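Heads up, the thing below is written out as structure tokens.
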Amino acid sequence: MNRRMVMSLLLAAALVMTAVLAGCGNKDSDKVKVRIGEVTRSLFYAPQYVAIEKGYFEEEGLDVELTTTPGGDKTMTALLSNAIDVALVGSETSIYVYQQGTDDPIINFAQLTQTDGTFLVAREAAENFDWNALKGSVFLGQRKGGMPQMAGEFALKKLGIDPQADLELIQNVDFANIPAAFASGTGDFVQLFEPTASIFEKEGKGHVVASFGAESGHLPYTVFMAKQSYINKNDKTVQAFTNAIHKAQLWVQSSTAEAITDVVLPYFENVDRDILISSIDRYQKQGSFAVDPVIDEAEWNNLLDVITSAGELEKRTEHSELVNTTFAEKSIEAVK
């Protein structure tokens, strides 16, 4: 074989390899990038992590980038400034933005959780807990105006307890520091999310005695939302996104706490597996994970009742103004 033939063969091989690599590159570039900002890293959002780890977003042609933006204010700021495309946060934030006045409202399009996610933790265990035990106690609550605190107060009022008059309510501790404050001796009771509640039980720092989620009813508690302008320009992407979330919801519904734990474990590397199982089991048993992405009007009205009761709502913002159920409804048909 002469030199010219060798060079021709090498050139042909190089061209083939270039084409293969170009094809791989085109395949990756076909995926649409979606930047998600979650308000916190929480087992409460297990279906979201399942959608990522089980490849449901990829199946829908999406390449998602997940960032934790601690706190509702930071998450909404990131969304408004276009630092993220989709926010996973409480629906109340979209209402607050809307009531301040905007030409580009934040639209709720897919629900992830449908109850409050906090539990009442006491210093002492109680087999048959009576909520009236809170009266006269020191209660370490959540941030004023945030969904955990508003849903908690709403539940207490339903149970005949006035949060402002019947107990000493502490609300000046940052969200991230609430567990440490209780562990160091502040308060008789505290309102905690999982897995912190289960960790406290295992370490003997407290005992779960009741659930705020079970008492406050169904709410669009944590929802995927985006600017109206983003949805208008990227309706196919939003539909694909919602389809992926619904696939994850169906998988979570049909799976055990152990199976779900094994999928979401990479997101909680510093938490023991048995704690994760306990936490997910609690959320499953009280129906915290939404069974589909639809934000129905009854849930929305319950949310408005919660915010009104907390004195944080100037006027009721109707379901039709900030909720788009089209994508969620189509996902139910698409994922069948």
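The values are calculated or read from the model by the stated rules, or taken from the named source; none is laboratory data. Just so you know, these numbers come straight off a predicted model, no measurement behind them. Here Cβ is always computed from backbone atoms with ideal geometry, including for glycine, and neighbour counts include all displayed protein chains. To get the accessible areas, we keep the full protein, side chains included, count just its heavy atoms, and leave off ligands, DNA and RNA. Shrake-Rupley method; radii C 1.70, N 1.55, O 1.52, S 1.80 Å.
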Which of the strands (runs of 3 or more DSSP E) found entirely inside the stretch 143-217 contain at least 3 residues meeting this: open to solvent by less than 20 Å² (accessible area, probe 1.4 Å)? 189-193
Of the residues in the stretch 270-310, how many are polar (S, T, N, Q), touching a Phe, Trp or Tyr at 6+ places or on another chain (Cβ under 7 Å) and closer than 19 Å to P47 by Cβ? 1
With the structure loaded, tell me whether S216 is in contact with an Asp or Glu (Cβ under 7 Å, 6 or more places away or on another chain), modelled with pLDDT of 95 or more and hydroxyl-bearing (S, T, Y) or whether it fails that test. no
Per-region count, the stretch 326-336, residues modelled with pLDDT under 95 and either of a type in the set (A, V, I, L, M, F, W, C) or open to solvent by less than 30 Å² (accessible area, probe 1.4 Å) (or both): 2
Only one residue in E329, E299, E333 is touching a Pro at 6+ places or on another chain (Cβ under 8 Å), assigned to a helix (DSSP H, G or I) and of a type outside the set (A, V, I, L, M), so which one is that? E299
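If you scan the stretch 302-325, which residues turn out to be loosely packed, with under 14 Cβ neighbours inside 10 Å and free of Cβ contacts under 8 Å to residues at least 24 places away in the same chain? Before the answer, list the steps.
Pass one, the stretch 302-325, residues loosely packed, with under 14 Cβ neighbours inside 10 Å: 311, 314-315, 318, 320-321.
Within the stretch 302-325, G311, E318, S320 qualify.
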Entirely in the stretch 38-127, the helices (runs of 4 or more DSSP H) that have 3 or more residues that are crowded, with 18+ Cβ neighbours inside 10 Å and touching a Phe, Trp or Tyr at 6+ places or on another chain (Cβ under 7 Å): 46-53
Answer yes if at least one residue in the stretch 232-250 is open to solvent by 10 Å² or more (accessible area, probe 1.4 Å), at pLDDT 95 or above, in a helix (DSSP H, G or I) and farther than 30 Å from T77 by Cα, and no otherwise. yes
Pick from the stretch 278-293, criterion under 16 Å from D262 (Cα atoms) and free of Cβ contacts under 8 Å to residues at least 60 places away in the same chain, ranking: nearest to the chain's Cα centre (by Cα): Q284
